[in-house]
Structures are given as C-alpha cells and as structure tokens.
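Trainee: Below: one structure in structure tokens.
What follows is calculated from the coordinates using simple rules that are stated; it is not laboratory data. Because the structure is a prediction, the values reported are computed rather than measured. Every residue, glycine as well, gets a Cβ built from its backbone with ideal geometry; the counts of neighbours run over all protein chains shown.
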C-alpha cells in the first residue's frame with residue numbers, strides 16, 4: 001500500500017456509504033406485490049461488523065429508502081441512517097455534527113453523481129468498480145469489487161489493516 005494512501009486510511013473514524021450500487025449491486029427489484037427487494041453481500045456485512053468492533057462509526061446516506069434498507073441497517077447496527085436524503089450533502093453535514101468529526105476523518109463509498117459532493121470533501125473517497133465514470137477522477141480509490149459484491153468489505157479491510165485493527169477485530 002502506498003504511504004500516502006496509508007496515511008489517509010489511518011485517520012478514518014467514520015465509514016459512510018450509499019446503498020444502491022454500493023451495499024447492493026444497484027438493481028431495484030420488486031416482488032409480485034410491489035415490495036422492493038434488496039440483495040446484500042454477507043462479506044460486506046461481516047466487515048462492517050468487524051469495523052464497528054474496533055470503534056469505527058458507520059452511517060448510511062441514501063437518496064432512497066425502503067424497509068429492506070432499514071432492516072439491514074438495524075441488523076448491522078449502523079450508528080446513523082439517513083434515508084430519502086436529497087441532496088445527500090445535507091445529511092452528510094448532519095452526520096459530521098452528530099459524530100463530532102471533520103471531513104478528513106470520514107471515508108465515504110459512493111457510486112453515482114449524487115455522491116459527488118460528499119466524495120469531494122471526505123478524507124478517503126471510494127467508488128466501487130462499477131461506479132459511474134464521473135467519479136473516477138474524484139475518488140482516492142476504486143475498488144476491485146463491484147457494489148453489492150464485496151466493495152464495502154474491500155474498503156473496510158483496507159482501512160482496518162492500515163490501522164492495525166483487522167486481526168484484532
């Protein structure tokens with residue numbers, strides 16, 4: 001890992017993320033009754049739980065909201081959940097105050113244009129491999145894994161390893 005990247009990762013106290021395209025593969029699926037379904041990656045969830053055990057704070061900032069996201073956030077014990085957040089930057093500002101942290105203390109994982117304002121501010125900006133092309137020049141890191149397929153795990157593992165916490169978690 002490059003020294004500059006490692007220095008950014010060591011400062012991270014909060015990992016915030018979008019849902020569709022980050023925690024999921026971005027598909028929106030409805031069942032026969034019109035209920036929205038989401039598919040989450042268990043390894044992403046495992047890494048989120050490990051990160052929380054080390055003291056990292058976690059947050060979701062999504063422009064959409066549904067019961068499946070609320071259930072997953074509760075299951076993983078996210079510290080803050082901002083749904084129907086538009087523009088997302090307003091929820092991000094509330095999150096900073098709630099956690100009493102600065103931009104450089106935050107990692108944000110986003111996959112599309114509505115995430116750009118946050119990605120431009122945070123200490124460690126991440127886009128999944130399948131993110132919109134407009135994000136690539138802005139982020140510090142593009143994951144090898146796609147959203148909903150290990151991008152969150154990859155990011156958290158990098159942070160925790162840089163902080164010497166992966167094994168301890």
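Trainee: Scan the range 57-75 and report the pairs whose first residue is more than 20 Å from residue 99 (Cβ to Cβ) and whose second residue is assigned to a strand (DSSP E or B), with Cβ atoms within less than 6 Å and a gap of 6+ or a chain change.
Mentor: So the pair list comes out as 66/36.
Trainee: Restricting attention to the range 131-157, which residues are farther than 22 Å from residue 43 by Cβ and not in a loop (DSSP other than H, G, I, E, B)?
Mentor: Residues satisfying the conditions are 133, 134, 135.
Trainee: Residues that are in contact with a strand residue (DSSP E or B) (Cβ under 8 Å, 6 or more places away or on another chain) and more than 19 Å from residue 163 (Cα to Cα): list the strands (runs of 3 or more DSSP E) wholly contained in the range 46-130 that include at least 2 such residues. Step through it out loud before you land on a result.
Mentor: On the way: elements: 57-61, 80-82, 106-109, 124-127.
Per the criteria, 57-61, 80-82.
Trainee: Scan the range 83-96 and give yes if some residue there is under 15 Å from the mean Cα position of the chain (by Cα) and surrounded by fewer than 13 Cβ atoms within 10 Å (Cβ to Cβ), otherwise no. Before you say what the answer is, go through the steps one by one.
Mentor: Let us first name the residues in the range 83-96 that are under 15 Å from the mean Cα position of the chain (by Cα), namely 83, 85, 88-89, 91-92, 95-96.
Narrowing the set further to residues that are surrounded by fewer than 13 Cβ atoms within 10 Å (Cβ to Cβ) leaves none.
Checked the range 83-96: no residue is under 15 Å from the mean Cα position of the chain (by Cα) and surrounded by fewer than 13 Cβ atoms within 10 Å (Cβ to Cβ).
Trainee: Among the residues that make up the range 115-123, is at least one of them buried (at least 17 other Cβ atoms within 10 Å of the Cβ) and within 30 Å of residue 31 (Cα to Cα)?
Mentor: Looking only at the range 115-123, we keep the residues that are buried (at least 17 other Cβ atoms within 10 Å of the Cβ), and these are 115-116, 118-119, 121-123.
Next, from what is left, pick out any that are within 30 Å of residue 31 (Cα to Cα): 115.
Yes.
Trainee: Out of 80, 35, I need the residue that is farther than 23 Å from residue 143 by Cα and exposed (fewer than 12 other Cβ atoms within 10 Å of the Cβ). Which one?
Mentor: Details: 80 fails: exposed (fewer than 12 other Cβ atoms within 10 Å of the Cβ).
Going through 80, 35 in turn, just one is farther than 23 Å from residue 143 by Cα and exposed (fewer than 12 other Cβ atoms within 10 Å of the Cβ): 35.
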